[in-house]
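J.: Once you've had a glance at the structure underneath, I'll fire off some questions.
What follows draws every value from the coordinates through simple rules; no lab data is involved. Being a predicted model, the structure only gives us computed values, none of them experimental. Here Cβ is always computed from backbone atoms with ideal geometry, including for glycine, and neighbour counts include all displayed protein chains.
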Amino acid sequence: MSGAVNLQIPAHAEYLDLVRICLYGIASKMSFAYEDIEDMKVAVSEACNNAILHGTQASGLEAIDIRYEADATGLTIEVASRGTGAALAGALSSAAPAAEGDIGGLKAGGLGLYLMQALMDEVDVRSTSVGTAVVMKKYAAMEP
Amino acid sequence: MRAEPFQIVAEETTEAVILDVSGDFDLAVVPQMRSALEPVMHRTDKALILQLGGLTYIDSTGIGVIVSVLKLRDELKAPFYVRDIPPAIMRLFELTGISGYLSSGNGDQP
């Protein structure tokens, strides 16, 4: 399976399940393992969460474009939205898990980027002409 | 795959308030989860238990809610237990580093 599938959703959380369902369909067709598909479901949702939570907030008008591109090496997912990704790009290098010492040191936020990095093989944040794109890739399993 | 509808069923026993959480716990249902937690998370007379056996999906927004409850219950010195964590969900708790703070209250790992 190769080629790209594009999905555009309104920048609203109630559409997140559609992004996961579409990912599931494509990744299943590419014969990804169950665990890899679960990883990608979380990662693509995290990228959309960022776009929804840190978008330009012009409610109802904004859209998120999700591009799923399959080739022999794996599945590349691009999540593009309006709004600046400056904070996102900076956070990419400092993303870390929650645990540091006692419970008081636990952070309730900021785990999304860390999870994307932990769950995908490649993650990159790029500026586009209209906003920001998160591009991530999961490698296909090597043929035995 | 179908998107599993998010559902919270609350139950109160003599010792605990139990929230049975099932389906996909994502950003869309954070407000619903917060309103279910709001009336019970400050109660120190009973333990608060999250039953996650039917949970099919969680991401950082859902984990963030659990972390905020964890911190609040710790400050209140009130018991908070998380039980029946499915393996795929447990993996995310481990990756994000919160698994070590979760207790099932049964003397073993959740």
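J.: Express the Stokes-Einstein translational diffusion coefficient of the stretch B:7-101 in µm² s⁻¹, to the nearest whole number, given a Kirkwood radius over alpha-carbon pairs, 4 °C and a viscosity of 1.567 mPa s.
T.: Taking Rh from Cα pairs, D becomes 97 µm²/s.
J.: Still on this structure, I have one more. Determine the sum of side-chain charges near A:Met136: Lys and Arg each +1, Asp and Glu each -1, restricted to other residues whose C-beta is under 12 angstrom from that of A:Met136.
T.: Net charge around A:Met136: -3.
J.: Still on this model: What distance in nm separates the simple spin-label points at A:Ala63 and B:Glu4, each placed 7 Å from Cα in the Cβ direction?
T.: Between A:Ala63 and B:Glu4, the simple spin-label model gives 3.2 nm.
J.: Students often forget the sequence filter, so: which lysines lie under 20 Å Cα-Cα from A:Lys29 once same-chain residues fewer than 8 apart are removed?
T.: Reachable lysines: A:Lys41, A:Lys137, A:Lys138.
J.: Could you please state, rounded to a whole Å, how far the C-alpha centre of the stretch A:113-129 is from the C-alpha centre of the stretch B:59-110?
T.: Between the Cα centres of the stretch A:113-129 and the stretch B:59-110 lies a distance of 26 Å.
J.: Of the DSSP beta bridges with both residues in the protein assembly as shown, give the percent that are antiparallel, rounding to the nearest 5.
T.: Approximately 75 percent, going by the DSSP bridge assignments.
J.: Assuming 0.36 nm per residue, please report the length gained on full extension of the stretch B:Ser103 to B:Glu38 beyond their Cα-Cα distance.
T.: 21.3 nm
J.: Could you go through the stretch A:64-81 in sequence order and give the Karplus-derived ³J(HN,Hα) for each residue, using 6.51 cos²θ - 1.76 cosθ + 1.60 with θ = phi - 60°, rounded to whole Hz, and x for Gly and Pro?
T.: Computed from phi, the couplings for the stretch A:64-81 are 10, 9, 10, 10, 9, 10, 9, 8, 4, 8, x, 10, 9, 10, 10, 10, 10, 8 Hz.
J.: What percent of all Cα-Cα pairs in the stretch B:1-44 falls in each 5 Å bin, counting up from 0?
T.: In whole percents, the pair-distance histogram is 5, 20, 30, 21, 13, 8, 3, 1.
J.: From the convex hull of the Cα coordinates of the protein assembly as shown, what is the mean projected area in square nanometres?
T.: Computed as one quarter of the Cα hull surface, the answer is 14.5 nm².
J.: Can you list the lysines whose alpha carbon sits under 20 Å from that of B:Lys46, skipping same-chain ones fewer than 8 residues off?
T.: List returned: B:Lys71, B:Lys77.
J.: While we're on this one: Take the Cβ-Cβ distance between B:Ala78 and A:Thr128 as r, set R0 to 45 Å, and report the resulting FRET efficiency rounded to the nearest 0.05.
T.: 0.45
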